[in-house]
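Here's the structure, in structure tokens; my notes come after.
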Amino acid sequence: GVMFTQEDDIKWVWNLERKGQVVGYWPPVVTALVGKGALISVSGKRHKLLRRILEPAFTPNALRDYFQTLDGVVLENLSGWSSSKDKPVFYSSVVFKMFSLQCFFSTAFGQIEDRIKKQLHDDFVVWFQGLPALKPWYIPGTAFAKAVDAKGRILANLEYLIKKFKAENPEDSKLGQKSLMGRLCYGKDENGDLLSIEALKDNLVLMLFAGHDTTYASLGSTLHYLSLYPEMHAELEKEAISFRDPLDFDELKNAPVMTAFLTEMWRMDPPVARAQRMLLNDVEFSGFNAKKGMLLTYSCHGALKNEETYASPYTFDIQRFLPNDHPLLLDPKIRSDSNKVPATYPVFGGGSRMCVGNHFAKLELRLFLTRLLQKYKLVVRNSEKAHFPVG
């Protein structure tokens, strides 16, 4: 295989997929645990039809319908993690994994039974432990076999929740039209077909897989940089306190300092290290012949630390993503740049396989950061960055 880190090379890889010359590639263990009906497991026409159903549930306009629910989950969790100054209680960032699940399930299904919520969390912990397996071989007692068993329980719970939702919320109901689950259950492709319950379950597993550890890593990196840069922390707090009450979706979405901070945080610590495509036929690139079946890998870390794109790429500097007229933009060299996120900023993938839930992930982080800065003081006991398994 070949690994790319340059902008033009990554664009070339993404363009190959638009031309139907490559398909997305994941290790067989991942596709086995996610499911054959999931978006990452299909290609060609089926991939396009599936995206047509899934994407409307995660557009910025759809997120407006989930805004208050997500805000409530954020406020509830921050309150639960808070403690008094005299008797501080410190939490491991592992709590962010349950937070991620709660954000998704509350948005999708509303209130669900605590028993099911805990079982889903516990089963996903086991499920994730099966992903590093080298082969998708079911050998009793192995991490992969335990993950397969956990997935069976996850699918059973998801089927129960889906059927319960559809029984209580027909297509023409408010939740059938305006909720995340309603859009997924009743969304139709260009042929007018609904998702089968099996495909729906596989794609719910994919969404949880895509959001679980990436949210965990992103929140950990957010707190890491807040603790390292008190002056930036103060500017973010000032912006958050200035927001209208109740929170306004558009004001939050367009907040310049927060946007620059999150974009730079993801540039420094992308929660996904790389992505792969597999060639469907022989192609020529820059004088080299790449053969059918070869894997083309682009490194997110490499692309985001490219000196040709980012000056001083290993320095955390939100100036590079601030608007040109912002008072915090003091470096004249940066001011002369366009200050726009490059087309090959690969944190959420790119091309025809751009992350479907990227707007949802950004809203989670914006709400978390806003409510943290508005209502609490952050104390980090261990600011050392952990690079493995994520972030």
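The values are calculated or read from the model by the stated rules, or taken from the named source; none is laboratory data. All of these numbers come straight from a predicted model, not from anything done at the bench. Cβ placement follows ideal geometry from the backbone for every residue including glycine, while neighbour counts extend to all protein chains displayed. Note: accessible area is taken over every heavy atom of the protein model, side chains too, but ligands, DNA and RNA are not part of it. Shrake-Rupley method; radii C 1.70, N 1.55, O 1.52, S 1.80 Å.
Tell me, which residue of segment 92-116 that is part of a loop (DSSP other than H, G, I, E, B) and out of contact with any helix residue (DSSP H, G or I) (no Cβ under 7 Å at 6 or more places or on another chain) is least open to solvent (accessible area, probe 1.4 Å)? Show your work before the answer.
Start the filter on segment 92-116 by keeping residues that are part of a loop (DSSP other than H, G, I, E, B), which leaves 92-94, 110-113.
So of that shortlist, the ones also out of contact with any helix residue (DSSP H, G or I) (no Cβ under 7 Å at 6 or more places or on another chain) come out as 92, 94, 110-111, 113.
On the way: Ser92: 70, Val94: 78, Gly110: 30, Gln111: 163, Glu113: 76 Å².
So, considering only residues that are part of a loop (DSSP other than H, G, I, E, B) and out of contact with any helix residue (DSSP H, G or I) (no Cβ under 7 Å at 6 or more places or on another chain), the one least open to solvent (accessible area, probe 1.4 Å) is Gly110.
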- With respect to Asn157, determine if the residue is on the phi < 0 side of the Ramachandran plot and open to solvent by 10 Å² or more (accessible area, probe 1.4 Å). yes
- Checking Val89, Val73 in turn, the sole residue that is surrounded by fewer than 19 Cβ atoms within 10 Å (Cβ to Cβ), β-branched (Val, Ile, Thr) and closer than 30 Å to Arg381 by Cβ turns out to be Val89
- Residues that are out of contact with any helix residue (DSSP H, G or I) (no Cβ under 6 Å at 6 or more places or on another chain) and open to solvent by 70 Å² or more (accessible area, probe 1.4 Å), drawn from segment 118-148: Lys118, Pro132, Leu134, Lys135, Trp137, Pro140
- Item | Index of the failed condition, Val347 passing every other in (1) within 14 Å of Gly211 (Cα to Cα); (2) surrounded by fewer than 17 Cβ atoms within 10 Å (Cβ to Cβ); (3) among the β-branched types (Val, Ile, Thr) | (2)
- Item | Single residue of segment 16-33 satisfying the filter (in contact with a helix residue (DSSP H, G or I) (Cβ under 7 Å, 6 or more places away or on another chain) and not in a loop (DSSP other than H, G, I, E, B)) that is surrounded by the most Cβ atoms within 10 Å (Cβ to Cβ) | Val22
- Message: Anything in segment 40-58 that is in a helix (DSSP H, G or I) and either more than 16 Å from Leu208 (Cα to Cα) or touching a Lys or Arg at 6+ places or on another chain (Cβ under 7 Å) (or both)? List them, or say none.
- Response: Gly44, Lys45, Arg46, His47, Lys48, Leu49, Leu50, Arg51, Arg52, Ile53, Pro56, Ala57
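Condition check ((1) of a type outside the set (D, E, K, R); (2) at pLDDT below 90; (3) within 26 Å of Gln177 (Cβ to Cβ); (4) more than 20 Å from the chain's Cα centre (by Cα)) across all residues:
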{"site": "Ser43", "(1), (2), (3), (4)": "yes, no, no, yes"}
{"site": "Arg52", "(1), (2), (3), (4)": "no, no, yes, no"}
{"site": "Leu63", "(1), (2), (3), (4)": "yes, no, yes, no"}
{"site": "Gly72", "(1), (2), (3), (4)": "yes, no, yes, no"}
{"site": "Trp81", "(1), (2), (3), (4)": "yes, no, no, yes"}
{"site": "Asp86", "(1), (2), (3), (4)": "no, yes, no, yes"}
{"site": "Ala108", "(1), (2), (3), (4)": "yes, no, yes, no"}
{"site": "Gln111", "(1), (2), (3), (4)": "yes, yes, yes, yes"}
- Task: Looking only at segment 71-81, decide whether some residue is more than 23 Å from Leu219 (Cβ to Cβ) and part of a helix (DSSP H, G or I).
- Result: no
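For segment 305-338, what are the residues that are assigned to a helix (DSSP H, G or I) and within 23 Å of His233 (Cα to Cα)?
Ile318, Gln319, Arg320, Phe321, Pro332, Ile334, Arg335
If a residue has to be open to solvent by 40 Å² or more (accessible area, probe 1.4 Å) and within 20 Å of Ile10 (Cβ to Cβ) to count, how many in segment 315-327 make the cut?
Residues in segment 315-327 being open to solvent by 40 Å² or more (accessible area, probe 1.4 Å) and within 20 Å of Ile10 (Cβ to Cβ): 0 in total.
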- Query: Residues Glu190, Glu171: which one is farther than 22 Å from Lys45 by Cβ, of a type in the set (Asp, Glu) and either open to solvent by 30 Å² or more (accessible area, probe 1.4 Å) or at pLDDT 95 or above (or both)?
  - Reply: Glu171
- Message: List the helices (runs of 4 or more DSSP H) inside segment 165-244, counting only whole elements, that have at least 3 residues being in contact with a Ser or Thr (Cβ under 8 Å, 6 or more places away or on another chain) and farther than 17 Å from Arg52 by Cα.
- Response: 197-228
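Residue-wise test of (1) open to solvent by less than 50 Å² (accessible area, probe 1.4 Å); (2) touching a Leu at 6+ places or on another chain (Cβ under 9 Å); (3) part of a helix (DSSP H, G or I).
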residue	(1), (2), (3)
Phe261	yes, yes, yes
Glu264	yes, no, yes
Pro270	yes, yes, no
Met278	no, yes, no
Asn289	no, no, no
Lys292	no, yes, no
Leu296	yes, yes, no
- Query: List the pairs whose first member sits in segment 30-41 and is within 18 Å of Ala143 (Cβ to Cβ), whose second member is in a loop (DSSP other than H, G, I, E, B) and open to solvent by 10 Å² or more (accessible area, probe 1.4 Å), and whose Cβ atoms are under 8 Å apart, counting only residues at least 6 apart or on separate chains?
  - Reply: Val30/Leu131; Ala32/Pro136; Leu33/Leu131; Leu33/Pro136; Val34/Trp26
- Item | Subset of segment 349-378 [among the aliphatic types (A, V, I, L, M), over 15 Å from Leu252 (Cβ atoms) and within 10 Å of the chain's Cα centre (by Cα)] | Val356
